[in-house]
Every structure is written in structure tokens, then in C-alpha cells.
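Before any comments, here is the structure.
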Amino acid sequence: EDDLVLGYMMAKSGPYVSLANTNEIAVDMAVEEINAKGGINGKKIKVVKFDTAGDPKQATTALRSFAQDAGALAVIGPFSSSEVRTTFPVGEREGLAQMSMASSAPGLTKGFTYGFRNTTDEGKVIDAVLGAIKDKKLPMASGAAAYATDDVVSKSIGTKVVPAEFEKFSIPLKGSVDFQLGAFDLSPQVAQLKQISPDIVGLGSPPEGAVNLAKELKRQGVSTRVIGGTTIADPDLPKRMDGAGENLTIGTTFFADANDKTKAFTDKFATRTKAAGLRTDPNQMDASVYDIVYLYAEAMKRAGVTGDKAKVAAERTAIRDQLSTLKDYPAMEGSISFTDGDAVKPVYVIEVKGGKWTLLDTRLPN
Amino acid sequence: MALLDVSGISVSYGRVNALKDVSLQVKEGEIVTVLGANGAGKSTLLKAILGAVPLKSGGITFADRDVTRAQPHKRIAEGLVLVPEGRRILISLTVEENLKLGAHMRRDGTAIAGEMDAIYARFPNLAERRNMLASCLSGGEQQMLAIGRAMMAKPRLMMLDEPSLGLSPLFVQKLFELIVELNRDGLAVLLVEQNTGKALSVAHRATVLELGRVTMAGDPKTLADDPRLQAAYLGAGEATPA
Amino acid sequence: MRGSMLAQQIVNGLMLGAIYMLMAVAFTLAIGVLNFLNFSLPGLFMLGGMVAYGFIKFGWPTLFAFAAALAVAALVSLLVERFAYRPMQGGDPEVPLVSSLGFLVLLENLMLIYFGSDQQAFPALVPDLNLRLGGLVIGIAQLGSLALSVLLVLWLSWFLSSTSTGRCIRTVAENRDTAVLMGIDTGRLVPMLFIASALLAAVAGLLFAVNYQQVSPFMGEGVGFKGVAAMIVGGMGSIWGAVLGGLLIGLAEVLSISFIGADVVNITVYGLLLVILILRPQGLLGRPATREKL
Amino acid sequence: MSGYLTGVLVVLAFNVMAAYAVYLPLAAGQLNLGIAGFMAIGAYASAFLTNEYAWPMWAAIPVGAGLAGLTGLLIGIPVLRTHGIYLAMATFALGQVISALFLNLEVVGGAAGYPVSDYVGPNGVFLAAAAVVVLMLYLSRTRFALYLTAVKSDPTVADLLGVSVRGIQVAAFALGAAVAGFGGAFYAHHYNFVEAQHFNVLLSVFTVLYVLFGGTQTVWGPLVGAAFFTLAPELLRASDQWRYALFAVFIIVFMAIRPQGLVTTSLLRFARRKPAAESSEAA
Amino acid sequence: MMTAALSIQGLNKSFAGVRAITDLSFEVPKGVTTALIGPNGAGKTTVFNLVSGVYGVDAGTITANGVDITHMPSRKRISTGIARSFQNIRLMSHLTVLENMLVGQHVRNTSLRALLTPYRLFPNHRWKVEARAALAESGLEEWANETVGALPYGVRKRIDLVRATLAGASVLMLDEPAAGLNPSETNALRDHLKALMAKGITLLVVEHDMHFVDSICENVVVLNFGEKIAEGPLSQVRQNAKVREAYIGAEEV
Ligand SMILES: Nc1ncnc2c1ncn2[C@@H]1O[C@H](COP(=O)(O)OP(=O)(O)OP(=O)(O)O)[C@@H](O)[C@H]1O
Ligand SMILES: Nc1ncnc2c1ncn2[C@@H]1O[C@H](COP(=O)(O)OP(=O)(O)OP(=O)(O)O)[C@@H](O)[C@H]1O
Ligand SMILES: CC(C)C[C@H](N)C(=O)O
Ligand SMILES: [Mg+2]
Ligand SMILES: [Mg+2]
């Protein structure tokens, strides 16, 4: 009789809508697939949804409501790093697991036993990108960093990850420029980059910054290879750069054309989103959130949860315990394991060629 | 036909009925004075004639035209002008700009400069301060400016709301001489005054307002002797709180 | 830093300043004349860019799309006048701010619903819109906006100080009730002003879209706030102050980015504003408030 | 109480504290558009003390509030020389500068934000908000509140009557800053995380928005405004992406009909006259 | 010798180069109701503004009740016992009439404790009782709880006066108190001022209504173009040719 309740924090309004508004379809897809195959331990999965608008305060409200009102066994989300920072402490106190689909700031899960992320640390992603460039023998004699200063993830990429990785690959870091998240005019930064003229620019920024930087580089006639992590893994990015940004190289945890599984997901996703009048190419968060449902399903199966309201606290903990030891689960994105709450999974290094994303290399963990 | 014909107008501010069924006429070339205690509704009457407060009922014609529903700027374009209570000069404009503002409806641009000089000649205080901000003027100087500004509009009917307020005795005399002179040149005047004696002495006709109602009207000479006029001032002619 | 780069940075700063300057003039019209801190202006700026983008995407010829964007902004501004400004007369001066901000939120959210929160690529009008002088790269659109802004400003300051309509506008600015008693048709004049400031903001938005080839529902906020800062730095109500302020803010921003880093932009730009306000509360070209006469 | 309701009420409590921080100077005619900066000071300072020096919360929170108030006092003295819109912009700039400083202050995490170890539960937050409301109710009954309005109404005459206009203004500003810091300190310890980006312009501006919406004529306005702004979007949850657009339309229409805000002196007087035709001056 | 209530010596003031007050000296002895008269723009209000500190003086000294207030901040001057009313009525329009009175009492009531006493909780707090009594004396009690915004001119004028008296000052400067009042109101005002005089309050009055001046003032100072042109009892000053020419005109006496 009891359903297995999962809470789901959506970011359907607020700053992340365009990245997050298709996530719900991916979640529904996964849940329907699992339920159609008989559910978990004979029980159906039921998802309770809450729109947080990307706001940390609303996210804690959501979590409280999942924990205290909905009797959720685990929680999908929250979306962004800021939300994670406020909901993970609440989840820890409530004894309720959460798994974020987009937050990629370094070290967010540290100190939390109920906090998980199905995302890859940007350090590992950039490492994979540079590895691929080296393997392909592309020019990498000198480098510079460019990053948004007022965003957690971007700034740590620009100030920590990129310098460390450049050093590891013995690329001299010849300078760095920064900009504000909302900056539209990157001409002063590009004027500086023009003087440095590096082979590689390590970029820490959301997609908007990447687009603006690419356009300004083109305007001022600077040619260099911009590299980045999952923060700019937007399937529409080449289109949005409108002719600029050739050679932009990034790492992502999802690439639609990677294998049959991903292609099948992409096709099914496209039919559903088309019907809803939304973007048809799944992005990395769509893929991640789809797999989160499967990861929870696996953990619930292994923990033998029943959805019995009387046992909810124990079952929540059991799910957490199963997740933290999960190894090599064959998910759609690839094989997923958890270390310290963060997912370890393949990174696809992709490059803009002729205004399209093309696969440069696939890097498996280790 | 009268130049201004106010027939049975009523005005209220929320629950306060400021004017009740007030009628009044001003003929071409006439000086009409409106007397009444504080709060009787005199200022309200003038504003209603100008169209700055909405009527609850009644009608107004000016220069043979029904202006009951016309906007203030339309009425002013027809030749109506008000020297408002408390002068209302524009303190962020210079003296000269205030005067020019008075003429903003007029199309006969060339005549304006000459008239401005005439006004400066009449009010030398203003001439000396023509490029100063009007905020610097003394109370009386501001009153002069307000009258000068109204003259710049070249009106057919000038309404003055307590123009002698704050003026020196000498200047009050000059003011009334000015009113008579302008009237002689054909200007009709509707004058609200606390200075009852002076007002009655220049007016052709007078109307007394009490608590928003016309209680007396007629020839100023007879009114001046009417014991009821005294009563209107010495009695409890005040509004009570709503 | 090499000289050529400094020159480039100064050019960059002036170009950025031109956008702020137009916004600052739009704000100055609203505040200096109507005493209304019109927070819908950043929204109208955004409309200028977004609506043009929408119509271009719809297949309209560019110029039609531009005209349509300006018309939409003007119409919306009339709504702002009707609902945010007119009913508030005589109340506390802060109140219209609320409703105008309401308009900003409304416009942003309507665009958000229609276009999504992403920044969209505004099509380039001509393949390469840049002058290249030696090592310097100068955007033609930016140069144009600088020139256009200066012309607009020249005309506006003449208009306000020397025409009868300008005087009437200043009368309304000082006291709307008195303006009515003076026979000024406020019902016509005030909406005209709203249209004028809306057009300035929307033109700024269009120029922004053309210059930076991007639009988004939130593009007005950053520029809008800097525009207000520029207006204040220059001196509120002073049109030349808005010009000076816009250019100063643009330069301060670009130079602090290139000499120190983007993380200090807000500190330098708003710090500059704060320091100026403390040292010279009326702004650089503003008139000091005189102690009122009793 | 359901978890959902708790979450919403906690947000309400923070909004109420912010609202009164804006209200105090506004009652004296000063628009403070930088309230978020003072909240940030309270939040970071108290978090720093509990995190790095292991201060107990009950000591760190008042110190955070005090520091915000002190900043308000020191900055208020020069900034309050400006008036009207200039003052609004000066406080706006101040808010921007403060939050930019924290964004770059690496000892408190810089852009990465600052996790806070100690936790204060919902009841603590409710208590804090209640304390602020009680303080405001008390103040509204004193001459201090009377002078706030007098200074707003006519500073020149208030000065000539012997009222220290600057003193009152600075006190209102600094007290408002302290209240903001107090709220901020609780914020840090309730959500266990502070980031400078949260204390942005929009927070300041929206707070002003709901204070004006509630009405500044009486001490109840900010409370009602904060409640409305917190609860209405929750009620509109069903309308999905339209919720903020609908909300904005509502604000515009409402303010057009009732520019004085929701709660006004005459409204209270009216309400009071009904039960007892008593003195109507207290409001 | 008794110190004067107000003493002005060698006062000078110009605005942007225009002289408004030139070498003005006069005294208001205690208990001697004095009028300051002169044509429009002569500088009467400016004298008030200089005494109350709205403007700083260019030269000269101002002494109130023996205290040199020339350079005292405007806020502090009222505590030397000198209060004023305003030519253009200045009431705090957001406050009720009673609250305006309470602000008027401030100078007698400046302690922190007074500031933070929740007087509103006590319907019969002594300051409120006093203010109500003062309003009642001028027949204003019915307006006590109205906001002053749209009250009739005559009422506002009286409120302004009562507020000035509540500061408990020994010298009151009144700027055109009878302007805009009708004859009956002017009579009431006269009675009110006489009552104040009986309490030992010294009045300095600017007024254009000569009958009114005649009925209460013992001494008259006449200004023209910022200079004193005559001083003495009104009956005497009236005969002065300069005064007649500049100010009174061929007035029917
Ligand atoms: N804007 C307003 N709102 C509410 N009541 C008003 C308003 N203006 C005037 N009143 C009221 O209307 C009545 C008439 O006022 P009005 O100003 O017309 O009187 P008046 O005869 O001009 O008086 P005074 O001699 O004092 O100038 C008064 O009771 C006044 O309080
Ligand atoms: N703040 C100021 N700036 C410039 N000039 C001023 C200022 N205040 C007063 N004046 C000038 O000083 C002169 C005296 O003004 P004041 O107001 O004292 O006159 P007054 O004697 O009170 O006249 P009235 O009887 O008309 O009120 C006037 O010419 C006025 O223009
Ligand atoms: C959607 C992204 C901007 C989210 C970001 N990666 C974060 O950690 O918050
Ligand atoms: Mg009147
Ligand atoms: Mg005077």
C-alpha cells in the first residue's frame, strides 16, 4: 500500500530555469520506467515536488516539508551550490539523504554523511580536459585563466583548479583576468588576454560568461583555445556563441552521442520535451537527475525499504548507507561510484567544431 | 449675458461639503468680491471655477461657453486666470521664468517682452531680482510676482484669492489701485478678500459665503451696512472637524 | 601595462560609459523633473533589447523590429505613468518607487516566461562592426551610441532651459498642483516625459543589444543601477552631469578591472559614488541645496 | 507544526526583522537601500566569532548586531548629510560596497561563502523576530517615534524647536542597522551558511518594497507588509511560472489604489473607533 | 540695569551680494511688546531667521536673555528662551495637532528618559494634559486628534502660535500673526497675546495690520531696505515722513 516517497527540489523558476526546467521530465521518465517494471521491493516510487526557485531559503523549507510532512525516504536535489550549502545541514539533522544534480563547487559534501552529489568535481573535469589535449598533441605551451569572481564554482576554478592543473601539465600560467557574473562587456579583459596571447585559456564561468568571452575574443581578433569544466556544458552553447568560440573545449559528464544508452535516453527525452514545448537536447543536469532516480532506486532495493511510515527514520539511514558504499553502478551516464558523497563517473571531453559539439575524448576515472 | 456664470455648484472633500448650491455671476468689466470667514469655501469656489476641484453638481459657463467639464488649462486658454491663495510661485524657477510661465498659453510671442517690461516697471522689486530664484523673495515680493504672473496671461477674468495677505499698508493701497486700473482697462475681477472694507469699496457687487452657502449678495454699499454681514464675521462662521 | 593597451582600455571605458550615460539621462529626466526614481527604466531598457530580438527572430526586418521595440517601451511607460506615478501624487516620495519596481519585476518575469532566463544571442547587423586603428579596436555601434547620446543630451538641455514647454516641465517638477492652477496640461505633459525617458532607456537597450550582441530578461538591472550611480555622481537633474557621470563610471569600471581585477569593480564604482556623495552631496555638477527660506 | 509551515514562518521572521530595519530610518524620512549590507555585517561577524573563536551564540549574535549598529553609526554620520534620493543612493552604494568587501574577504570564505557551525532552531528565530516587534511597538509609544515623524515632516522646524535632527536621524539609522545585523546574525546561525551574494541589492530593495507596501504611517505596516510578501507567493505556488508576474501585477494595482500602503493611521483609527469611541491618537 | 530680552547689535546680512540687513541695532526690553514693521522685502523675516539661526550672520551680535547666541547652533537657541512662529505656517503635516504640541514641548523635556518613556500608553500623561489644556485655551481642543494636513488656514495659524508658546520661552517672535485672519479672529488673537503678555512673556511681532500693532505694541522698530529708519511708539513713528513714504502711505488713520 505504502509508496516509496522521494522528495524532489526543482528550480523551475528563478535564475536556473533554463538549465532546470526540463529536469522534471527526466525525473518523471525514470520514475515511470522503474514503476512500469514493477517498482522497488514491490512498491511504487512516488515523487513529491517543490519549486525552490533556486533560493536557499525556499530550499530549506522544501527539505523540512519533505522530512516532516511528506515522509520522504530521500531527496532529489537541490540544484545549485548555494542551496546545497543550506539544505545539507538540515538534511544531516533530519537524517535524510539528498543528492544534487548540478552543484559542482569543490568540497560541498565534506562533513556531511547524508549529502550526495551526482556531479563531478571541477578539478577532475579540467584534469580530464587537459589530459585529452595533451594526448591529442594540441598546442599548450602557455596558459592564462579567466573567471567570474562572484560565483563560488567559477572563482575556485579560476584561482585554484586552473593554476594547479596547469602546473601539473607544466603549462606556464602567464596571467589571469576576472569578470563579474553579470558583466556583459569583456573588452578590458580580452584586451589583456590579447597581450598575453596564450595557447590555452582556462575558464571558470557559467555559460553566459563563455559566450561573452568567445564573442569578444573574436571581436578583438584573438585566437586561443578556451577550456572549461561542466559549468559551461550547455548543449546549445555553440548556437549561442553564434559563430564564435571555435575550439572551445570542455569536459562534461553527459554526451548524447556517447553510446546506445545515452542515445536511447536522448531520443526518449526529446519526444517528451517536444510534446511539452521545451528544449529537446538533454543537458548534463537532465542526465544527472535521471540517474539520481536510478541510484536511489538501487539503494532502496539494496536496503530493502518498505515505505512503512513507522520505519521511516531507519530506512532513510539505510538508503544513505547503501549509497555511500555504492560501487560501479551501471547508470545511463556511465559507471557511477561514490567517494565522500561525490559521484565518480566518466568525463566526456568535447570540442566546438564548425559550430557543433564534437567528442574529442572519453576519460574514464583513473 | 454674464462673462462668468456659476449656477448651483456643490463641491465636497470626502465628507466635508465645502460648497453647497453656490451661484454667482461676473459680468464683463465688473469687479465682484466674495467675502466670508475662514473655511467658508471661498478658495474652493475659485478653484472650482478654474476646474481644479471636481464639481458634485451644478454648472459653469465662461464667455458663453459651457466649461463645466473642461480641464483647467482649457479654461485658462479661454481667458480665466487665478492668483492662488498662498501665492504658489515656483521657487525653483527665476523671477523672470515665473513671469514667462504666466504667458505660456499665449501664442502672440512678440507682445510678451513688452508686457514683461511693464510689469517690471510696476513692481521695481521684481525688476531688481529678475534673475534670482523666486525662493529668495520676501513674502510681499512673492505676492507681487504672483499677480504679475497672472497679468502675463492677459486674462479676461482675473480671480484673486486674498491678494493683500502679507502686504504692507502702502502696497495694499497700490494693489487696490492696480485692481481698479486693470478693471478700467476692461478686465473683469473676482476678488476674495479678508480686508472687507477695501474689497467692498472697489467692488461693483459682493457675495457673502457662510459655511459653503451664499447667504447674501448684492450691492456693496448696502451690504457694508448690513448687520448680517457683521454677524457673518463675528458669529461662529467656522467649520467643525469632520 | 603598455601604452597601447591603456589606450584600448580608455576606449573601452568610454564606450561602456556611453551606455551608462544614456541610462543616466533617462533617470535624470524622471528624477530631476518628475522627482520619481523610476525603477521601471531598467525594465524598459531590457524591453528595448528583448522586444527587438523577439521581432527579429519572428522574421521582421531589423528596422521595423527596432521601431516596434521603441513603441512597446513607450506604451509600457505610459502604463507606468498611469499606475505607478499618477495615483501617488501628494504621497510620500518613496511610494512610486514601489510600483515602478513592481513593473520591473513584471517585465522581467514576462520576458522570462516567454524567452527563458538564458542570455540570447542578438544577431549581428553587419559581420564586423569594428574600426581597427593600429592596435585599437573600436566598436562602431558604440561610437554611434556615444555620438547619439551627446546629441540627445545637447538637445535636451537646451529644450529644458530655453523653451516654454521646458519651463512648464520644470513647473510640473516643482509642484504639480500649482502647475494645474497655472493652466499647464499635466495630463499631456507628464505622459510625454514618460515617453521621452522610456525612449532614452529603450534606445540604450537597443544600442546595448547591437553592441554586445546579447539580450536577456535581466540585462537591465546591472546597467540600470550603474546608470543611477552615474546620474548621482554627475549631479541629479543636471544633464551634463549625467554625461560626465556615465563616462566616469565606465572608466572607473574598466580601469579597475585592468589594474586590479573585477572583484573590486563594485568597490571602486560604488565606493566612488559613496565618496562623492559624502564629499559633495549634490554630485559633481549638481546645484547645492540651499537652506530654505522660512 | 508542519515542516513546510515552519520553513515559511522562518522566512517570514527574517523578513520581519529586515522590514523593521528599513522602517526605523524610513519613519524619519530616510530611505535605506543598503540594508542587506548591514545584515551581512551581523551575519559574518557573529559567524566568525562562533566559528573561529568558539564564542557561544548568545554572545556572538548581539555582538554581530552591535557591530552592524556601530557601522551604521559611523557611516551614518557622514552619509546622512545627504538627503532624499541622494541618501537612498548613498545607502545603496554602501550596501554594494559592504557586500563586495565580504565577497573578497578570504578569512570568511570569499566568494565560496562561509559555513557556520552553530545552529539556532526555528523557535530561536521566532523569538528573535518577536523581540524585534516588541521593541518596535515599545518605541512607537515613545517620544522617539514622535520625533522620527516630526523630523520627516519638517526637519527645519523640528530643528528650530530644539530637536536634534541629526541625532534622531543617526540614531534611527544606526538602530535600523543594528536590527538588520541582528536578523543577519540569526540568519547565519539558522541556515548555517552565509554568502555575500545573498546580501545583494535586490534583498535591500525588496525589503523597502514590502515596508512601503505595508505602509509606513504606523508601526504595524512593516509587519503586515512582510507577512504579505512572504505568504502571497506561497499562495500563488500553483500558478507556477506566472507567480512572480501575477504578484507584480497585484502590487502595482494595489499601490495605485492605496498609495499610503496597507495599514494607515486612519485605518487603525477606524478599527479602534468601532469597539470603543475612545482616544484615537495612539497608533 | 535689566538685561534686554533680545538685543541686536550691528547686524549685517547679505544674500549673494544683495544686502538684506545693514548695521541693524535694536533692543527688545523685557516685557515691552515690540513691533518690527516695514515694507515688503525690508528684511523683517530675515531678522527672525538670523535670530533663530536659520541663517548665520555676516557681522554683529545677537543676545537673548543675556546669552550671546550669535554663533550658537540653531537647535540650541530655543533653550535660551526664545521661540518663533512662521510667516508661511509650518506645521508637521504627518502629525496630529496634539502631537505637534508635544514636539513643541521638546525643549523643556530633553532627557533620554523623556525620550524613551512610552507616554502613549498613558492617556493622561502630564505632557499630554498640558498640551490639551493649551489647545483648549485657544479653543482648539476639538481639533486635537486631527492630522494637520487640510485644516482651515485660521486654525493652522492658531496651532502654529500655540506650539510656539509651548516651548515655555520668555520671548516669542511672531511673524505676521494676524495675516489672513478675519476681524473676529484678529480680536481673539489679540486677547490671546494679551494673556501671554500678562504672564510676563515678551513679544516681538512682525505685522502689517497697524490697528493690531497699535493695540498691543509699546515700541515699534521700522525697517526699510534692511536699515532701521525709525523707532519709538507707533503714534510717534507714524508721523515720521520717511515711514509714511516707505510704508504706511496716505493711510486713513
Ligand atoms: N483639500 C482639502 N481636503 C479636505 N478638506 C478641505 C480641503 N481644502 C479645503 N477643505 C475644507 O473645505 C472647507 C472650505 O475651505 P476653503 O479653503 O475653501 O475655505 P476659505 O473660505 O478659502 O478659507 P480661508 O479664509 O481660510 O482661506 C474648509 O472646512 C476646509 O477645511
Ligand atoms: N535666502 C535668501 N536668499 C536670497 N535673498 C533673500 C533670502 N532671504 C531673504 N532674501 C531677500 O532679503 C530681503 C528681505 O526679505 P524678508 O523676507 O526678510 O522681507 P520681509 O521684511 O519679511 O518682507 P515681507 O513683509 O514681504 O514678508 C528680500 O529682498 C529677499 O529677497
Ligand atoms: C547551474 C550551475 C550554474 C550550478 C553550479 N554548477 C553550482 O554549483 O551552483
Ligand atoms: Mg481660502
Ligand atoms: Mg516676511
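The strands (runs of 3 or more DSSP E) falling completely within the stretch E:19-98 that include 2 or more residues that are more than 16 Å from ligand 3 (Cβ to nearest atom) and surrounded by fewer than 18 Cβ atoms within 10 Å (Cβ to Cβ) map to E:59-64. Meeting the requirement of 1 or more residues that are more than 21 Å from the chain's Cα centre (by Cα), the helices (runs of 4 or more DSSP H) wholly within the stretch A:13-80 are A:23-36, A:56-65. Is it the case, given these coordinates, that E:ILE37 is touching a Phe, Trp or Tyr at 6+ places or on another chain (Cβ under 7 Å) and among the aliphatic types (A, V, I, L, M)? Yes: the conditions hold for E:ILE37.
Being under 14 Å from D:LEU161 (Cβ atoms) and of a type in the set (S, T, N, Q) holds for only one residue in E:ASN88, E:ASN109, E:ASN124, and it is E:ASN109.
Let's see how each residue does on (1) touching a Pro at 6+ places or on another chain (Cβ under 9 Å); (2) crowded, with 22+ Cβ neighbours inside 10 Å; (3) touching a residue at least 40 places away in the same chain (Cβ under 8 Å); (4) within 14 Å of chain E (Cβ to nearest Cβ):
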site: D:ASP118; (1), (2), (3), (4): yes, no, yes, no
site: D:SER140; (1), (2), (3), (4): yes, no, yes, yes
site: D:LEU146; (1), (2), (3), (4): no, yes, no, yes
site: D:ALA177; (1), (2), (3), (4): yes, yes, yes, no
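Okay, residues lined up against (1) aliphatic (A, V, I, L, M); (2) open to solvent by less than 10 Å² (accessible area, probe 1.4 Å); (3) within 18 Å of E:ASN88 (Cα to Cα); (4) not assigned by TED's automatic domain parsing to the domain that holds E:VAL103:
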{"residue": "E:VAL148", "(1), (2), (3), (4)": "yes, yes, yes, no"}
{"residue": "E:TYR153", "(1), (2), (3), (4)": "no, no, yes, no"}
{"residue": "E:ILE159", "(1), (2), (3), (4)": "yes, yes, yes, no"}
{"residue": "E:ARG163", "(1), (2), (3), (4)": "no, yes, yes, no"}
{"residue": "E:ARG190", "(1), (2), (3), (4)": "no, no, no, yes"}
{"residue": "E:MET197", "(1), (2), (3), (4)": "yes, no, no, yes"}
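Please tell me if E:THR165 is free of Cβ contacts under 8 Å to residues at least 60 places away in the same chain, among the polar types (S, T, N, Q) and away from ligand 5 (no atom under 16 Å from the Cβ). Here the answer is no, as E:THR165 does not meet what is asked. Away from chain E (no Cβ under 14 Å) and open to solvent by less than 20 Å² (accessible area, probe 1.4 Å): does that describe D:ALA128? The answer is yes for D:ALA128.
Looking for something more than 16 Å from the chain's Cα centre (by Cα) and either over 22 Å from C:THR178 (Cβ atoms) or more than 16 Å from ligand 1 (Cβ to nearest atom) (or both) - is there at least one such residue anywhere in the stretch B:43-56?
So in the stretch B:43-56, the residues more than 16 Å from the chain's Cα centre (by Cα) come out as B:54-56.
Going one step further and asking which of them are either over 22 Å from C:THR178 (Cβ atoms) or more than 16 Å from ligand 1 (Cβ to nearest atom) (or both), we end up with B:56.
The answer is yes; a qualifying residue exists.
Checking each residue in the stretch E:147-205 for being on the phi > 0 side of the Ramachandran plot and within 12 Å of the chain's Cα centre (by Cα) picks out only E:GLU176.
Exactly one residue among C:GLY187, C:GLY144 is free of Cβ contacts under 8 Å to residues at least 24 places away in the same chain, farther than 18 Å from B:ALA153 by Cα and among the small types (Gly, Ala, Ser), and that residue is C:GLY187.
Report, by residue number, each residue of the stretch D:148-162 that is more than 7 Å from every other protein chain (Cβ to nearest Cβ), surrounded by fewer than 21 Cβ atoms within 10 Å (Cβ to Cβ) and either among the β-branched types (Val, Ile, Thr) or under 21 Å from the mean Cα position of the chain (by Cα) (or both). None - no residue of the stretch D:148-162 is more than 7 Å from every other protein chain (Cβ to nearest Cβ), surrounded by fewer than 21 Cβ atoms within 10 Å (Cβ to Cβ) and either among the β-branched types (Val, Ile, Thr) or under 21 Å from the mean Cα position of the chain (by Cα) (or both), so the list stays empty.
If I go through the stretch E:139-184 residue by residue, how many of them are in a loop (DSSP other than H, G, I, E, B) and among the acidic types (Asp, Glu)?
Just the residues of the stretch E:139-184 that are in a loop (DSSP other than H, G, I, E, B), to begin with: E:139-140, E:144-146, E:148-152, E:167-170, E:176-182.
Now drop any that are not among the acidic types (Asp, Glu), which leaves E:146, E:176.
Residues flagged as in a loop (DSSP other than H, G, I, E, B) and among the acidic types (Asp, Glu) within the stretch E:139-184 amount to 2.
Considering the stretch C:142-219, the qualifying helices (runs of 4 or more DSSP H), each wholly inside and each with 2 or more residues that are more than 14 Å from chain B (Cβ to nearest Cβ) and touching a helix residue (DSSP H, G or I) at 6+ places or on another chain (Cβ under 8 Å), run over C:186-212. Any residue in the stretch E:130-138 that is more than 14 Å from the chain's Cα centre (by Cα), in a loop (DSSP other than H, G, I, E, B) and either at pLDDT below 90 or assigned by TED's automatic domain parsing to the domain that holds E:THR63 (or both)? Yes, that holds for at least one residue.
Within the group D:PHE228, D:PHE250, D:PHE213, which residue is within 9 Å of chain C (Cβ to nearest Cβ) and open to solvent by 20 Å² or more (accessible area, probe 1.4 Å)?
Values: D:PHE228 fails: within 9 Å of chain C (Cβ to nearest Cβ); D:PHE213 fails: open to solvent by 20 Å² or more (accessible area, probe 1.4 Å).
Answer to the selection: D:PHE250.
What do you reckon, is C:VAL25 among the β-branched types (Val, Ile, Thr), open to solvent by less than 10 Å² (accessible area, probe 1.4 Å), within 30 Å of D:TYR86 (Cα to Cα) and more than 14 Å from chain D (Cβ to nearest Cβ)? Yes, satisfied.
Among the residues of the stretch E:59-108, write down those that are under 14 Å from the mean Cα position of the chain (by Cα), within 13 Å of chain D (Cβ to nearest Cβ) and aliphatic (A, V, I, L, M).
E:ILE78, E:ILE82, E:ALA83, E:ILE89
Taking the criterion of being at negative phi and open to solvent by 10 Å² or more (accessible area, probe 1.4 Å), the residues of the stretch C:219-238 that qualify are C:MET219, C:GLU221, C:GLY222, C:PHE225, C:LYS226, C:MET236, C:SER238.
Looking across the stretch B:217-241, the residues that are outside any helix (DSSP H, G or I) and modelled with pLDDT under 85 come down to B:ASP226, B:GLY235, B:ALA236, B:GLY237, B:GLU238, B:ALA239, B:THR240, B:PRO241.
Residues are listed down the side, and each one gets a yes or a no for (1) within 21 Å of E:ASP160 (Cβ to Cβ); (2) touching a residue at least 12 places away in the same chain (Cβ under 8 Å); (3) within 16 Å of ligand 4 (Cβ to nearest atom):
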| site | (1), (2), (3) |
| --- | --- |
| E:SER7 | no, yes, no |
| E:ALA16 | no, no, no |
| E:VAL51 | yes, yes, no |
| E:ASP58 | no, yes, no |
| E:GLY81 | yes, yes, no |
| E:PHE86 | yes, yes, no |
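Taking the criterion of being under 13 Å from the mean Cα position of the chain (by Cα) and either in contact (Cβ under 8 Å) with a residue 60 or more places away in the chain or assigned to a helix (DSSP H, G or I) (or both), the residues of the stretch B:189-202 that qualify are B:VAL189, B:LEU190, B:LEU191, B:VAL192, B:GLU193, B:ALA199. Among the residues of the stretch E:120-155, those that are in contact with a Leu (Cβ under 8 Å, 6 or more places away or on another chain) and within 16 Å of D:ALA150 (Cα to Cα) comprise E:ASN145, E:THR147, E:VAL148. If a residue has to be farther than 25 Å from D:GLY95 by Cβ and under 13 Å from the mean Cα position of the chain (by Cα) to count, how many in the stretch D:221-244 make the cut? Qualifying residue count, the stretch D:221-244: 0.
Residues that are more than 25 Å from D:LEU103 (Cα to Cα), more than 14 Å from chain C (Cβ to nearest Cβ) and free of Cβ contacts under 8 Å to residues at least 12 places away in the same chain: list the strands (runs of 3 or more DSSP E) wholly contained in the stretch A:94-204 that include at least 3 such residues.
Working: elements: A:97-100, A:115-117, A:143-148, A:173-179, A:200-204.
Result: empty, no element qualifies.
When you scan the stretch B:50-59, do you find a residue that is within 16 Å of ligand 4 (Cβ to nearest atom) and either open to solvent by 10 Å² or more (accessible area, probe 1.4 Å) or in a loop (DSSP other than H, G, I, E, B) (or both), even just one? Even if it seems obvious, please write down each step before you answer.
Narrowing the stretch B:50-59 to residues within 16 Å of ligand 4 (Cβ to nearest atom): B:50, B:52-53.
After this cut, where a residue has to be either open to solvent by 10 Å² or more (accessible area, probe 1.4 Å) or in a loop (DSSP other than H, G, I, E, B) (or both) as well, the list is B:52-53.
Scanning the stretch B:50-59, I find at least one residue that is within 16 Å of ligand 4 (Cβ to nearest atom) and either open to solvent by 10 Å² or more (accessible area, probe 1.4 Å) or in a loop (DSSP other than H, G, I, E, B) (or both), so the answer is yes.
The values are calculated or read from the model by the stated rules, or taken from the named source; none is laboratory data. Owing to the predicted nature of the structure, the values given are computational and were not obtained by experimental measurement. Counting neighbours? That spans all protein chains shown, and the Cβs are built from the backbone with ideal geometry, glycine included. Protein only, heavy atoms only, side chains kept; ligands, DNA and RNA dropped before computing areas. Shrake-Rupley method; radii C 1.70, N 1.55, O 1.52, S 1.80 Å.
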